[in-house]
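Student: Mind looking over this structure? Questions follow.
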Amino acid sequence: MSIMKMFTTAASALDAQSVRLNLVASNLANAQTVSDSAETAYRAKYPVFAEVLEQTNGEVESKGVRIASIVEGKAEPQRRFEPGHPLADEEGYIYGSNVNAIEEMANMMSASRSYQNNIEVMTTSKELALRTLSMGR
């Protein structure tokens, strides 16, 4: 793999993890929101990663990662009985988001670690390129 391909691959991973971190931040920001119905309650959002492939000279080569889509969490919104709340429905229920803060914190740590690892790949690739160039001196 050439140095430039390493940079391209690591850069695509940085972009993907950046989107993941933004979604975690959005999920955590909306963790305590409430709504008047289950349909309008905030639902946690998660990225779906996909490998980017390129075919050259009959060989398939990985070129990195991309966000294939963003999906909503499947868990049902939290239904709470609070008849005095301004958003309560006719039966007195409000609906909270389906965000699990503990799961989001774990996702944040994982995405942050992946981001750091890809920065390290780029730094190491740069050092290798500089050392290769200095060999000719």
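Coordinate-derived values only; no laboratory data. What you see is a predicted model; the values in this text were computed from it and never measured. Using ideal geometry, Cβ is built from the backbone for each residue, glycine included, and neighbour counts are taken over all protein chains shown.
Student: Less than 9 Å Cβ to Cβ from V52, Lys/Arg counted +1 and Asp/Glu -1: what total charge do the surrounding residues give?
Tutor: 0
Student: Out of the stretch 32-73, which GluC sites (Glu not before Pro) are coil in DSSP terms and have no more than 11 other C-beta atoms within 10 Å?
Tutor: E39
Student: Assigning unit charges at the beta carbon (Lys, Arg +1; Asp, Glu -1) and nothing else, what dipole magnitude in debye, to the nearest 20, does the chain show about its Cα centre?
Tutor: 880
Student: Hey, another quick one. May I ask you to evaluate 6.51 cos²θ - 1.76 cosθ + 1.60, the Karplus curve with θ = phi - 60°, for each residue of the stretch 130-137 and list the ³J(HN,Hα) values in order in whole Hz, giving x for glycine and proline?
Tutor: In residue order, the calculated couplings are 5, 5, 5, 5, 6, 5, x, 7 Hz.
Student: Would you calculate a helix-derived [θ] at 222 nm for the chain, using -39,500 (n - 2.57) for each DSSP H run of n ≥ 4 and dividing by the full residue count, to the nearest 500?
Tutor: Value at 222 nm, helices only, nearest 500: -16000 deg cm²/dmol.
Student: So if we plug the beta-carbon distance of R79 and L53 into 1/(1 + (r/R0)^6) with R0 = 41 Å, what FRET efficiency do we get, rounded to 0.05?
Tutor: With a Förster radius of 41 Å, E is 0.40.
Student: Tell me which residues come under 5 Å, amide H to amide H, from G64 once H is placed; ignore anything under 5 positions away on its chain.
Tutor: Amide H to amide H, under 5 Å and 5 or more residues apart or across chains, G64 pairs with V52.
Student: Moving on to the next point. Tell me which residues come under 5 Å, amide H to amide H, from F49 once H is placed; ignore anything under 5 positions away on its chain.
Tutor: Residues meeting the criterion, in which the H sits 1.01 Å from N, are A68.
Student: Quick one: which residues, 5 or more positions from Y93 or on another chain, have an amide H under 5 Å from its amide H? H modelled 1.01 Å from N in the peptide plane, none for Pro or chain starts.
Tutor: When sequence neighbours closer than 5 places are left aside, the close amide H contacts are E82.
Student: For S62 and D36, calculate 0.36 nm times their separation in residues minus their Cα-Cα distance, and state this gained length in nm to one decimal.
Tutor: 4.8 nm
Student: OK, next. Given a Förster radius of 35 Å and the C-beta distance between L133 and I70 as r, what FRET efficiency does 1/(1 + (r/R0)^6) yield to the nearest 0.05?
Tutor: The computed FRET efficiency comes out at 0.30.
Student: Now a separate question. Across the stretch 47-55, in residue order, what do the Karplus-derived ³J(HN,Hα) couplings come to in whole Hz, using 6.51 cos²θ - 1.76 cosθ + 1.60 with θ = phi - 60° and x for Gly and Pro?
Tutor: x, 10, 8, 9, 6, 9, 10, 9, 9
Student: How many angstrom separate the Cα center of the stretch 1-35 from the Cα center of the stretch 107-137?
Tutor: Computed from Cα coordinates, the inter-centre distance equals 18 Å.
Student: Just to be sure I understand the model, the point goes 7 Å from the Cα along the line to the Cβ. What's the resulting D89 to V19 distance in nm?
Tutor: 3.3
Student: List the aspartates and glutamates whose Cα lies under 16 Å from the Cα of K63, skipping any in the same chain that are fewer than 8 positions away.
Tutor: D15, E51, E54
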